[in-house]
């Protein structure tokens, strides 16, 4: 696991620089989605550092809880980044063919993901006993279920949006394809979390499970999605603030 943490640092340190550049071009607005690639990179860097720190302080329940929390909350920026990219695509089809989605649809999805995030954090803070034993809490389970509902909704939004983008600008079509490509990877990542939370399989244990399974069902999926989103974000022309639609410009609250 230590080697995996080092590998994450090698990938995410350059990625966070690219993410900062992409965000500086497209804006740091939470509704646009780009900021969440930056947040995910930061979360994974901190998580890898905490994982490495546990080797020199194996009795620290605080470090273990931090590792658990950061692993579970990683789904949230993935889903919110996807929602942000779809915001621009939804505005595009709304302007061309009439309203298919409204800002309220996206705000409800945003709220669902945020509640899942909060529950996973609450569950993570009480998941480790004083002797270092890890127990999955009910809050974490509910949070993961909310992520499943949110992901299913993102699939629906993505495929409806893509089906109506025949005459959309090439750059927006590419963003839709980026989401379509990323969704199966996010699904595998979420599947890993669901198995680790609900199946009680020792191979999927967050702290003592198979490193190989963790790498191929969670870590690599996140990395590939980040690379896809940053690559498309780098290549996508900047949309002026006045040209953004009501969904991409929706207030967070």
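No lab work stands behind these numbers, since they all come straight from the coordinates. Just so we're clear, the structure is a prediction, and the values are computed from it rather than from any experiment. FYI the Cβ positions are ideal-geometry reconstructions off the backbone, even for glycines, and counts take in every protein chain you see.
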Original post:
In deg cm²/dmol and to the nearest 500, what is the mean residue ellipticity at 222 nm of the chain if only DSSP H runs of at least 4 residues count, each as -39500 (n - 2.57), divided by the residue total?
Top reply: -24500 deg cm²/dmol
Original post:
How far is helix 220-235 tilted, in degrees, relative to the longest principal axis of the Cα atoms in the chain, given as a value from 0 to 90 rounded to the nearest 10?
Top reply: 30
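Starting from 0.36 nm per residue, how many nanometres of slack lie between residue 231 and residue 118 once their C-alpha separation is accounted for?
Result for the pair: 37.7 nm of gain on full extension.
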Subject >> Between 0 and 90°, nearest 10: helix 2-26 axis offset from the chain longest Cα axis >> reply: 20
Subject >> Distance in nm between pseudo-label sites at residue 56 and residue 104 (7 Å out along the Cβ direction from Cα) >> reply: 5.4
**OP:** May I ask you to derive the FRET efficiency for residue 25 and residue 188 from their Cβ-Cβ distance with R0 = 41 Å, giving the value to the nearest 0.05?
**Re:** 0.90
**OP:** Express in nm, to one decimal, how much length is gained between residue 180 and residue 241 on full extension, taking 0.36 nm for each residue of separation and deducting their alpha carbon distance.
**Re:** 19.4 nm
**OP:** State the extension gain, in nm to one decimal, for the chain segment bounded by residue 170 and residue 135, taking 0.36 nm per residue of separation less the distance between their alpha-carbons.
**Re:** 7.8 nm
Original post:
Mind ordering 151-164, 114-127 by average Cβ neighbours within 10 Å, highest first?
Top reply: 114-127, 151-164
Original post:
If packing is taken as the mean number of other Cβ atoms within 10 Å per residue, what is the order of 7-13, 44-50, highest first?
Top reply: 44-50, 7-13
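Kirkwood hydrodynamic radius, the chain, all distinct C-alpha pairs: what's the number in Å?
Numbers: mean 1/r = 0.0538 Å⁻¹.
Averaging 1/r across every pair of different Cα atoms and inverting gives 18.6 Å.
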Subject >> Contact order normalised by residue count of the chain, Cα under 8 Å, 6+ apart, percent >> reply: 24
**OP:** Starting with the highest mean, order 165-177, 71-83 by the number of other Cβ atoms within 10 Å, averaged over the residues of each peptide.
**Re:** 71-83, 165-177
**OP:** Return one number: the angle in degrees, 0 to 90 and rounded to the nearest 10, between the long axis of the Cα atoms of helix 138-163 and the longest principal axis of the Cα atoms of the chain.
**Re:** 30
Original post:
Among 194, 38, which comes first, then next, by fewest other beta-carbon atoms within 10 Å?
Top reply: 194, 38
